[in-house]
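Here is the structure we will look at, set down as structure tokens.
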Amino acid sequence: MISKKLEKELNDQINEEFFSSYLYLSMAAYSSSINMHGAATWLETQAQEELAHAMKFYKYIEERGGRVILKGIKEPEKEWKSLEDVFKAAYEHEKYISERINKLMELAVKERDFATQSFLNWFVDEQVEEEASTLAVYEKLKMVKDYKGGLFMVDRELAQRSAFNENKNN
């Protein structure tokens, strides 16, 4: 059985993961509106991944005999100055999620909940990848700035990402 405090914090994380999905969908919609359809594809795939993360937490709470409590999802930002700003915001958001996962791990360690520590290890590793992938795109966009040829190439590269070619166990 999971402690009430850890159950509450894991439920809060479900909400954060659903918000992450919502945020990435908003970023995708913005990207489509500026004709960066490759970026929209990348961001839509990221939104699907975040939904899968939420469901991992959902199922874990149930498996541990806890109660899942869903909350409202706040409205995400919907306007950015550029595609570079979109991916800067995505990178900052992933750093925020990493901090939350680390705090969950600290709580699991404090409560000597070894099962939750084991569960959270996957997310600790996942967040390293999440930060790296958003930072890589952000850095490429910083390099090309507003150069249309460079933006076209980055957008074409981003279009290659899809849920079907993800090599992870979400």
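Every number here is computed from the coordinates shown, using simple stated rules; none is lab data. A quick note: this is a predicted structure, and the numbers were derived from the prediction, not measured. With ideal geometry, Cβ positions are generated from the backbone for all residues, glycine too; neighbour counts draw on all protein chains shown.
Inside region 109-157, residues that are surrounded by fewer than 16 Cβ atoms within 10 Å (Cβ to Cβ), basic (K, R) and assigned to a helix (DSSP H, G or I) make up a count of 4. Checking each residue in region 113-155 for being closer than 30 Å to G66 by Cβ, more than 24 Å from the chain's Cα centre (by Cα) and free of Cβ contacts under 8 Å to residues at least 40 places away in the same chain picks out only F114.
The condition (being surrounded by 14 or more Cβ atoms within 10 Å (Cβ to Cβ) and in contact (Cβ under 8 Å) with a residue 60 or more places away in the chain) is satisfied by just one residue among K88, K56, K71: K56. Going by the conditions given, is Y60 over 30 Å from F152 (Cβ atoms) and of a type in the set (F, W, Y)? Yes, satisfied.
Which residues, counting only those in region 17-38, are crowded, with 19+ Cβ neighbours inside 10 Å and under 15 Å from the mean Cα position of the chain (by Cα)? Within region 17-38, E17, F18, F19, S20, S21, L23, Y24, L25, S26, M27, A28 qualify.
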